[in-house]
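Participant: Please find one structure pasted underneath; my questions will follow.
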Amino acid sequence: MPDYSWPPMEKRRVIGKPTRRLDGGLKASGKAKYASDFTQKDLLFGALLTSPHAHARVTSIDTSAAEKLPGVTALRVIATPGTEVMWTGQEIAAVSANTEEIAKDATRKIKVEYEVMPHLVREEDLAKAGARVKAAGEQTKGDPDKAFQEAEVVSEGSYGIPVITHCCLESHGQAIGWKGDHVEFFPSTQNVSGIGGDLSNTLKIPPTNVHVHMDNVGGGFGSKFASDRWGIEAAQLSKQSGGRPVKLFLDRASELLIGGNRPSGFAKVKVAAKKDGTITAWDSTSWSTGGVGGGGAPPIPYVFDIPNQRKSHSAVSTNCGGARAWRAPNHQQACYLTLTAIEDLAAKLKMDPVEVLYKNADLTQRAEVYRAQLRQGQELIDWKKLWHERGDSGSGTVKRGLGVALHTWGGGGHNSQCRTNIHPDGTVEVELGSQDLGTGTRTIITMVAAETLGLPLGAITLKIGDNALPPSGPSGGSTTVGGVSSSTRKSTVNALAKLFEAVAPSLGAPADQLEAVDGRIQVQGNSSKSLTWKAACQKLGVAKISEMGENNQRNPGGLNSSGVGGVQMADVSVDTETGIVRINKIVAVQDIGLVINPKTAESQIHGACIMGICAALMEERVMDQQTGRMLNPDMEFYKLAGIGDVGEIIAHLDMTPEHDKRGVVGLGEPPAISLITAIANATANAIGVRVPDVPLTPDRVLAALERRNA
C-alpha cells in the first residue's frame, strides 16, 4: 500500500509555505466569473413576488394582467388561494421575462388578496411570546442547589445576542435552462456535487440529467446548499419558456429576509465559584429563534463542563424567514451566553478573567491547548500591562478595556474523491467536484498535488466546480480542506506510483526506491540517476495514467482529524459621551492541525474576525412588531464593518509538532466564534458595567452607563 502520509516538515517544499491564492489576480481584476455573471443571447430573467405580511392567508390571486404584459414568457403561482403565509418575504409567485425590468413590472401587476392574521416577530421578551414558546425541558447535573448554597461568590446576569441575517455579496440564485430532458444548472452554491440531486428530486428527473457548473461563489457562509424554491421555480419557468435559460437571483431585500439567518440567543444566567476562581455551579434559562421553526439550543455552558448545573431552553416560533447554518451554528450564541457570564463572575471576584479561564481549563477537553493559547494571546496583546479591574480605566471620557473568550470546533474532512491524470507529454490534471468559496481551496488542492508530484504550482491543471467530476462533499462545517487535501494526496500518490513503475527500468532501480523532486524523477537521494518530469512521462508511450483517491470521513487514515481550540482577545476604546466603541487591536490564536498554507489560513482568520466585529458592534436584524416587517433589509441600515472599523488584527497560528501530527483540520468556523464575546467583555472592562445585549450600539452603551450611574 502506498505511503499517503504527509511528508515530514524538513522535506516539504510546498506544503506549509505562505503562498498567494492562485485565483487572486482573476478576482482582483474582475475577470473571475460568478453564476450571477452568467449571460447568453436567449437569456431570460426571473423575479419573485413575495408576501408583504408576516402572517396571512392568500384568499385570491389574479395573474391575468401580468401574463398579458409584452415580454413575459412564463408565470407560476407558488402560494395558491388558501396558502398560509408565515413570514414577510415568503414566495407568492415567480415570473420570467425578456428583461429584468419587465419581470419585476410583471410581479407588480399580480393582484393578491390576503386575510391578515396575528403575528409575532420579536422574541426578546419571553413573557410576550405566549403559546409560541416550546420548552425543551430542564437538564440537571450534579447538585446545583447545594453548590449555590455553599458558593463563596455568585454572579447573576441577563445576556442577549440577536438574529443576524446572511448578507452574501452574491445573493442566492442561479441561471438554469433545459436542453431536451437535461438541465444545465449554474448556481451560486456550496454544494456542487450534491445540489443537482436535490433539484432532480423535485423535477422528477434522474440526477444524471442535471449538469451543475460553478467557477466561483460570492459568499455562502452556510446558507447555500439546497436548490431552494427560487431554483425550482427558475427551472420550471425555463421549461415553460421552451427551455430558454432563466437567471433568477434574490434582490438585496429578499436576500436579507429569506436567504437564511443565524438564530438569536437570550439567557438568564447564574454562576457560582470559590474565592480562588474555581467555578462550581451553573444555572441558566435560555431561549432563541431563527423563525417559524424556533431556534436550536446553544450548548451552554460552552466549552466548560461545570460539575453542578441546571439549564432549560425554549424555542420561540416567530413569523420571520428561516434559519440556516451560519459559520459555526449555535457556537457564537453559546460562547456569548457563557463567557460573558464568566467574565462578570471574574469581575465580581476582582480577578483577571484570563486567570479564571486558565484556572478552570481542566473543565474543558483541551485544557493544555487553551492554557498555552491564553498565554500566547496575553503576550501578543500586552495583556499584563494594559488589563485593569472593571471600570478602573482612569480619567477622561474615552475608556480602554480588554476582553477575552475562547472556543472550539470539529473540522474533520468530508467525503471526497479525486482523480489525477498524468499525460505522456508531462501535463497533469487534478479533477474533483469541489467548490472554492473564496477561501483558497483551489490553491490548497494545487499545493498538495505539487508537493506530492515534485512540480511547481503552475504545472498542475486543476478542474473543480462541476458535478461531472468525481464527487466531493459540500463546503460546510469546516470540512472542505480536510476532505479535498486528503483525496488529492491519495490520488496524486497513486498516480505517481504508476509513473514510478513506468520509469523504474530506465533508472535501474525498483519503483519503491524512486522519488519526485523539483521536476525530476530520481533514485532516492541520488540526483545523478534521474529523468526530467517530461522525459519520465514520455515512458508512458501513448497511454495516460489516471488514478483515483478518496477521503472517507469515517476513516481518514491520519491525513485529517477534528477538534480544535482557539482564544481571542480584544482591546477597545469606548467614548462614554457618544457610546461609540472602537477596536484598537484584535488577537486571534488558533490551532488547526497541519497548516497547508499559512497565508490563506491567516486570511481566513482575518475574515472571521471582521465578521465578529460586525456582529459585536453593528449587525442585527431589526423587526417591527406592529407591521411584522424587517426595518433594515438593505445594506444602508443593515450595518457591516468598513475598513475604519476593524482596527489591527493579529492572527496567530498555533503551530506545534503535536498539532502538525494530527493532520489537516478545517478552519472556516472556529475563528468566527468568540470575538463577539471578547469585544463585549472588553467594553464591560472599559466602562465598568455590562452592556447585556449585542450589538454594542451607542444607544445600548449609553443606556448601560445611565443604569450604572443611577
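Participant: Any residue in segment 271-286 that is among the acidic types (Asp, Glu) and not in a strand (DSSP E or B)? Can you show your working first?
Facilitator: First, pick out the residues of segment 271-286 that are among the acidic types (Asp, Glu): 276, 283.
With the extra rule that they be not in a strand (DSSP E or B), the set shrinks to 276.
Yes.
Participant: May I ask you to verify whether THR80 is within 23 Å of ILE258 (Cα to Cα), free of Cβ contacts under 8 Å to residues at least 24 places away in the same chain and in a loop (DSSP other than H, G, I, E, B)? Give the derivation first.
Facilitator: Details: within 23 Å of ILE258 (Cα to Cα): yes; free of Cβ contacts under 8 Å to residues at least 24 places away in the same chain: yes; in a loop (DSSP other than H, G, I, E, B): yes.
In short, yes.
One line per residue, one yes/no per condition, for (1) outside the structural domain of PRO671 (by TED's automatic domain parsing); (2) at pLDDT below 95; (3) within 30 Å of GLN332 (Cα to Cα):
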position: GLU389; (1), (2), (3): no, no, yes
position: GLY394; (1), (2), (3): no, yes, no
position: THR397; (1), (2), (3): no, no, no
position: GLY401; (1), (2), (3): no, no, yes
position: THR420; (1), (2), (3): yes, no, no
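Participant: Residue by residue through segment 527-550, note down the ones that are farther than 21 Å from VAL493 by Cβ and in a strand (DSSP E or B).
Facilitator: Residues satisfying the conditions are SER527, SER528, LYS529.
Participant: OK, next. Restricting to segment 232-248, and then to whatever is surrounded by fewer than 23 Cβ atoms within 10 Å (Cβ to Cβ) and not polar (S, T, N, Q), can you tell me which residue is farthest from GLY219 (Cα to Cα)? Walk me through how you get there before you give the answer.
Facilitator: From segment 232-248, those surrounded by fewer than 23 Cβ atoms within 10 Å (Cβ to Cβ) are 232, 236, 239-244; that's our starting set.
Going one step further and asking which of them are not polar (S, T, N, Q), we end up with 232, 239, 242-244.
Values: ILE232: 21, LYS239: 28, GLY242: 32, GLY243: 28, ARG244: 27 Å.
Going through the qualifying residues, I end up with GLY242.
Participant: May I pose another question? Among the candidates VAL448, VAL430, single out the residue that is under 18 Å from ASN560 (Cβ atoms), part of a helix (DSSP H, G or I), modelled with pLDDT of 95 or more and touching a Ser or Thr at 6+ places or on another chain (Cβ under 7 Å).
Facilitator: Answer to the selection: VAL448.
Participant: Between a first residue in segment 5-20 that is in a loop (DSSP other than H, G, I, E, B) and a second residue that is charged (D, E, K, R), which pairs have beta carbons less than 7 Å apart while being 6 or more apart in sequence or on different chains?
Facilitator: Listed by first residue and then by second, the contacts come to PRO7/GLU451; ARG12/GLU451; ARG13/GLU451; VAL14/GLU451; ILE15/GLU451; PRO18/LYS599; THR19/LYS599; ARG20/LYS599.
Participant: Still on this structure, I have one more. Go through (1) touching an Asp or Glu at 6+ places or on another chain (Cβ under 9 Å); (2) buried (at least 24 other Cβ atoms within 10 Å of the Cβ); (3) farther than 17 Å from ASN681 by Cα and name the single condition ALA323 misses.
Facilitator: Evaluating ALA323 over (1) touching an Asp or Glu at 6+ places or on another chain (Cβ under 9 Å); (2) buried (at least 24 other Cβ atoms within 10 Å of the Cβ); (3) farther than 17 Å from ASN681 by Cα leaves (1) as the failure.
Conditions tested, residue by residue: (1) at pLDDT 95 or above; (2) of a type in the set (Gly, Ala, Ser); (3) more than 30 Å from ALA361 (Cβ to Cβ).
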residue: GLY525; (1), (2), (3): no, yes, yes
residue: SER530; (1), (2), (3): yes, yes, yes
residue: GLY549; (1), (2), (3): yes, yes, yes
residue: ILE583; (1), (2), (3): yes, no, no
residue: ILE586; (1), (2), (3): yes, no, no
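Participant: Identify, by number, the condition in (1) surrounded by fewer than 22 Cβ atoms within 10 Å (Cβ to Cβ); (2) at positive phi; (3) among the small types (Gly, Ala, Ser) that SER478 doesn't meet.
Facilitator: It fails just one condition, (1).
Participant: Quick check, is THR364 within 19 Å of ALA672 (Cβ to Cβ), in contact (Cβ under 8 Å) with a residue 60 or more places away in the chain and of a type in the set (S, T, N, Q)? Outline the logic, then answer.
Facilitator: On the way: within 19 Å of ALA672 (Cβ to Cβ): no; in contact (Cβ under 8 Å) with a residue 60 or more places away in the chain: yes; of a type in the set (S, T, N, Q): yes.
The answer is no for THR364.
Participant: Looking at (1) outside any strand (DSSP E or B); (2) closer than 24 Å to LEU169 by Cα; (3) in contact (Cβ under 8 Å) with a residue 40 or more places away in the chain; (4) outside the structural domain of ILE444 (by TED's automatic domain parsing), which is the one condition that is false for HIS53?
Facilitator: All conditions pass for HIS53, except number (2).
Participant: Okay, next question. Looking at (1) farther than 30 Å from VAL481 by Cβ; (2) modelled with pLDDT under 95; (3) outside any helix (DSSP H, G or I), which is the only condition ARG708 fails?
Facilitator: Of everything listed in (1) farther than 30 Å from VAL481 by Cβ; (2) modelled with pLDDT under 95; (3) outside any helix (DSSP H, G or I), ARG708 misses just condition (3).
Matching residues to (1) among the β-branched types (Val, Ile, Thr); (2) more than 16 Å from ASP575 (Cα to Cα); (3) surrounded by fewer than 24 Cβ atoms within 10 Å (Cβ to Cβ):
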| residue | (1), (2), (3) |
| --- | --- |
| HIS659 | no, yes, yes |
| ALA678 | no, yes, no |
| ASP693 | no, yes, yes |
| ARG700 | no, no, yes |
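Participant: Can you pull out the residues in segment 481-510 that are surrounded by fewer than 24 Cβ atoms within 10 Å (Cβ to Cβ) and either at pLDDT below 95 or polar (S, T, N, Q) (or both)?
Facilitator: Listed by number, the residues that qualify are ASN494, SER506.
Participant: Just checking, which of VAL192, VAL121, VAL154 is farther than 21 Å from PHE266 by Cα and either modelled with pLDDT of 95 or more or touching a helix residue (DSSP H, G or I) at 6+ places or on another chain (Cβ under 8 Å) (or both)?
Facilitator: Selected residue: VAL192, the only one of VAL192, VAL121, VAL154 that is farther than 21 Å from PHE266 by Cα and either modelled with pLDDT of 95 or more or touching a helix residue (DSSP H, G or I) at 6+ places or on another chain (Cβ under 8 Å) (or both).
Participant: Take the residues of segment 594-653 that are in a helix (DSSP H, G or I) and among the β-branched types (Val, Ile, Thr): which is surrounded by the fewest Cβ atoms within 10 Å (Cβ to Cβ)?
Facilitator: The first filter runs over segment 594-653 and keeps only residues in a helix (DSSP H, G or I), leaving 598-617, 643-645.
Right, trim to among the β-branched types (Val, Ile, Thr) and you get 600, 605, 610, 613, 643.
Working: THR600: 23, ILE605: 27, ILE610: 20, ILE613: 25, ILE643: 6.
Only one residue fits best here, namely ILE643.
Participant: Only one of LEU462, LEU469, LEU499 is under 41 Å from the mean Cα position of the chain (by Cα), part of a loop (DSSP other than H, G, I, E, B) and farther than 23 Å from GLY558 by Cα. Can you tell me which?
Facilitator: Working: LEU462 fails: part of a loop (DSSP other than H, G, I, E, B); LEU499 fails: part of a loop (DSSP other than H, G, I, E, B).
Answer to the check: LEU469.
Participant: List the pairs whose first member sits in segment 673-687 and is assigned by TED's automatic domain parsing to the domain that holds VAL354, whose second member is buried (at least 24 other Cβ atoms within 10 Å of the Cβ) and of a type in the set (S, T, N, Q), and whose Cβ atoms are under 7 Å apart, counting only residues at least 6 apart or on separate chains?
Facilitator: ILE673/GLN332; SER674/GLN568; LEU675/GLN568; ILE676/GLN332; THR677/THR340; ALA678/GLN568; ALA680/THR340; ASN681/THR340
Participant: Give me the residue from segment 117-138 that is touching a residue at least 40 places away in the same chain (Cβ under 8 Å), outside any loop (DSSP other than H, G, I, E, B) and charged (D, E, K, R) and, out of that set, surrounded by the most Cβ atoms within 10 Å (Cβ to Cβ).
Facilitator: Taking segment 117-138 first, the residues touching a residue at least 40 places away in the same chain (Cβ under 8 Å) are 117-124, 126, 129, 132-138.
Cutting the leftovers down to outside any loop (DSSP other than H, G, I, E, B) gives us 126, 132-138.
Remaining after also requiring charged (D, E, K, R): 132, 134, 138.
Working: ARG132: 19, LYS134: 13, GLU138: 10.
Of everything passing the filter in segment 117-138, ARG132 is surrounded by the most Cβ atoms within 10 Å (Cβ to Cβ).
Participant: I need the full set of residues from segment 58-79 which are of a type outside the set (A, V, I, L, M) and within 35 Å of the chain's Cα centre (by Cα), in order please.
Facilitator: The initial filter retains those residues of segment 58-79 that are of a type outside the set (A, V, I, L, M), namely 59-60, 62-64, 67-68, 70-71, 73, 76.
Residue satisfying the conditions is ARG76 alone.
Participant: May I pose another question? Kindly indicate whether any position in segment 377-389 is under 20 Å from VAL153 (Cα atoms) and surrounded by fewer than 18 Cβ atoms within 10 Å (Cβ to Cβ).
Facilitator: yes
Participant: May I ask you to list the residues in segment 551-583 that are out of contact with any His (no Cβ under 8 Å at 6 or more places or on another chain), more than 28 Å from HIS652 (Cα to Cα) and of a type in the set (S, T, N, Q)?
Facilitator: Matches in segment 551-583: ASN552, ASN555, THR576, THR578.
The values are calculated or read from the model by the stated rules, or taken from the named source; none is laboratory data. For clarity, every value in this text was computed on a predicted model and none was experimentally measured. Neighbour counts are summed over all protein chains in view; Cβ atoms, including those assigned to glycine, are modelled from backbone coordinates with ideal geometry.
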